[in-house]
Each structure stands twice: as structure tokens, then as C-alpha cells.
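The values are calculated or read from the model by the stated rules, or taken from the named source; none is laboratory data. Everything quoted here is computed from the prediction, not taken from an experiment. Cβ coordinates were reconstructed from backbone atoms using ideal geometry, including for glycine residues, and neighbour counts include every protein chain displayed. Protein only, heavy atoms only, side chains kept; ligands, DNA and RNA dropped before computing areas. Shrake-Rupley method; radii C 1.70, N 1.55, O 1.52, S 1.80 Å.
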Amino acid sequence: MADRPAILVTGGAGYIGSHCCRALERVGFRPVVYDNLSTGHRRFVSGALVVGDVADKATLARAFVEHDIVAVMHFAASSLVGESVADPQKYYLNNLAGTLALLEAMRAANCTRLVFSSTGAVYGNADSQALPENYPCAPINPYGASKWMAERALADYRTAYGFSSFALRYFNASGADPEGGIGEDREIETHLIPRAMMALQGHVDFAVFGDDYATPDGTAIRDYIHVNDLATAHVLALNLLLEGHGGGVVNLGTGKGFSVREILAAISKEAGRAVPHTVKPRRAGDPTYLVADASAARKVLGFVPAHSDLATIIRTAWAWHNKAHPLKNG
């Protein structure tokens, strides 16, 4: 075990981080999860776990030394858009100051390779069917802004301190590991697919926000990528950094979008019954299309999604939700 390179995975007890830990293990790395368990789940961790906050300098420094960390994957963050508007201080402290504290610990440990979990929210109100990485970033909420500021810090650390880092801008992470045991499980669920499934199970209500968009069925279109594909892309980025690549910024999407009604129809087909829902007016700031230009991921990372067809996303997500959130009163 000790001869496997150790990767510190902050937020590794969360949805995407836990899937990335499995991917790391499969290709011979030794993930060391660093998580304060505020939203993550201890049961999602199969290997080493250090319980701590990225703001805790002593615990963080000890983790680098005790586990001989060679690189970092950084997922630890707050990620609720609405909450970020109501409580921006929490987001700038967790997402920006937390990232700076991690970078300080990395410098002290002479560990300069980082894969950073960013977001398509850095693009703000972009409305595009093929959004490229060089599209001007203009985030419209503190969540997106905090991630964009962290990206800027990473760019400056590359220039000034010789860091190598990839900022991976996710579009809509979805699905679950078909081997089971991990998936989307949040105290407050705002994401479309899990919320629709939980509505089908009787746990929450579900609303379609706007059915008058200029799309074939009137509902907004988004780019969905399977979480196992996201994990694969992180490992590809990590390997490039370990080989001496300087890093950069890469979108992680498929380049293909699905509408809200297409998602609901796919869930209904998989579950055998319709998703109960209401239709409400559009939300301010929701663009018609938000789909990635995925060409840079192919060219730079050599990344091609293998599990992100809609049927696989829905099938694996539904299998997970049937275990995590059984039918209420069923």
C-alpha cells in the first residue's frame, strides 16, 4: 500500500469526490480523504480518512507529512447557489479562503500539483450550445464568483510559484457508480435529476421552471455528464500533471444537451411511472441553453465520456435513489 502514490482528496466524502477516490484506487493511487464531514458521508470513504477543515492549518499540514502526499484533488466547497446569495460570507470563506489555505499548506509541503473542482457557473448568464473555455467569465452569484476567484489564484500560483494545476469546469454532474454504495445524498437537494427522483418517491415536490423557452419542447436545455466520467477526467488531468504538464482550464461536459422534459421522460421510462410536477414561471438568470464545448477535454486530457448517455445516467441514478431514498410509505 505504501508504495502507491498518495493523493489528498479534499471533500472526498462527498458525491463527486467519493467517485474520484474509487477511480484513483482502480488505477493504482492511494486516495487520502480530507473532509470535515459537514456535507460528506463517512460511509462513502473506503480508505484513509482525515477529519478536518481546509482552514485548519495544523491538521492539514500533518496530513501532508504523515501520508506523503504527491498531489491534491480539491473538491471541498459549499455549492448551493441560492444559499450563496443569502450568505456570501460562507462561500468566500469556504471556497476562496479555504482554497488559499490549502495552497499555503501545499507550498509548505512542497506539493505543487492540484486538480481543482470548478464549475460552469463561472460563465454566469452565458447562453450557448457550445460554450468554450475562453468565453468571458462573469459569474452572477457568490458561488460562481468564489470559484472564479479561486481559479484566478491558481493561475497566479502557476506563474509565481511554479504550481501546476487544472481547473475542471463541470456542467451537470449526474448518475451514480453502478457498483453501488455512493451517489447523490444531500440534506438540501436542488439538482434536477435527484430532486425529480425524490419527487417520484414522495419525498419532495418538483417544479419545471419555465415551459416557454425557444427549444423544441419549451424547457431549458443543459449538458449532463456521468459522475464516473467526471472521475475519469480527473485521473487523466492528474496523470498529466505528474508527467510535467503545466495545467490549464478545461470544461467537463459532453457537448450534447437534454431538456428538462427529456430528463423527466427518461426518469418516467426507467421508473415505470410519471414524475409528479408543476410548471412555474422561469427563474431570473436561467439561460435557454447551457452546453459545453467539450473539444478541449478531448484534445488536452484525451477524455471521451463513456457513461454519459442519458439512459445510463438515469438508470444508475435511479438504482442509487431506490437504495438511498426508498419510496415513501412504500
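Per the Kirkwood definition applied to all pairs of different Cα atoms, how many angstroms is the hydrodynamic radius of region 280-330?
Numbers: mean 1/r = 0.0678 Å⁻¹.
Roughly 14.8 Å, rounded to one decimal.
How large a share of the accessible area of region 1-99, in percent, is made up of carbon and sulfur atoms when the probe is 1.4 Å and the other protein chains stay in place? Provide the component values of the computation, followed by the final result.
Working: 2380 of 4380 Å².
Whole-percent figure for carbon plus sulfur exposure: 54.
Evaluate the charge dipole of region 103-223 about its Cα centre and quote only its size in Debye, nearest 20, assuming +1 on the Cβ of each Lys and Arg and -1 on the Cβ of each Asp and Glu. Let's see the in-between values first.
Values: 9 positive and 16 negative charges, 143 e Å.
So the magnitude is around 680 debye.
In Å and whole numbers, how far do the C-alpha atoms of the chain stretch along each principal axis, longest first?
Dimensions of the chain along the principal axes of its Cα atoms: 53, 43, 38 Å.
For the chain, what is the percent of antiparallel DSSP beta bridges, rounded to the nearest 5?
If we restrict to bridges inside the chain, about 5 percent are antiparallel.
When the dipole is taken about the Cα centre of the chain, and only Lys, Arg (+1) and Asp, Glu (-1) are charged at their Cβ, what size is it in debye, to the nearest 20? Before the final figure, lay out the partial values.
Values: 30 positive and 32 negative charges, 44 e Å.
With only Lys, Arg, Asp and Glu charged at Cβ, the dipole is about 220 debye.
So which of Lys90/Lys280; Lys57/Lys256; Lys57/Lys299 end up more than 32 Å apart, counting from Cα to Cα?
Those over the limit are Lys57/Lys256; Lys57/Lys299.
So what is the calculated 222 nm ellipticity per residue for the chain, using -39500 (n - 2.57) for each DSSP H run with n of 4 or more, over all residues, to the nearest 500 deg cm²/dmol?
On the way: 10 runs with 116 residues, N = 330.
It comes out at -11000 deg cm²/dmol, rounded to the nearest 500.
With an 8 Å cut-off on Cα pairs and a minimum separation of 6 or more residues, tell me the relative contact order of region 8-160 in percent.
Numbers: 223 pairs, mean separation 32.4, N = 153.
Relative contact order for region 8-160 comes out at 21 percent.
For region 197-239, what % of the accessible area comes from carbon and sulfur atoms, probe 1.4 Å?
Working: 640 of 1200 Å².
That share works out to 53 percent.
Probe of 1.4 angstrom, ligands and nucleic acids ignored: what's the accessible area per residue over region 154-268, in square angstrom?
Working: 3980 Å² over 115 residues.
Heavy-atom SASA per residue in region 154-268 reads 35 Å².
Could you tell me what % of all Cα pairs in region 127-284 have separations over 28 Å?
Details: 4004 of 12403 pairs.
Considering region 127-284, 32 percent of its Cα-Cα pairs are separated by more than 28 Å.
Would you mind checking which residues have amide H under 5 Å from Val208's amide H? H placed 1.01 Å from N; only 5 or more apart, or other chain.
Thr278, Val279, Lys280
Quick check for me: using +1 on Lys/Arg Cβ and -1 on Asp/Glu Cβ, what's the dipole size of region 35-131 about its Cα centre, in debye to the nearest 20?
Values: 7 positive and 9 negative charges, 39 e Å.
Taking the Cα centre of region 35-131 as origin, the dipole is about 180 debye.
What residues have an amide H closer than 5 Å to that of Ala220, excluding those fewer than 5 places away on the same chain, when H is modeled at 1.01 Å from N in the peptide plane?
Excluding prolines and chain starts, which carry no amide H, the hits are Val260.
Would you please state the base-10 log of I(q)/I(0) at q = 0.14, 0.15, 0.18 1/Å for region 106-209, with intensities from the Debye formula using one equal scatterer on every alpha carbon?
Log10 I(q)/I(0), no solvent term: -0.77, -0.85, -1.03.
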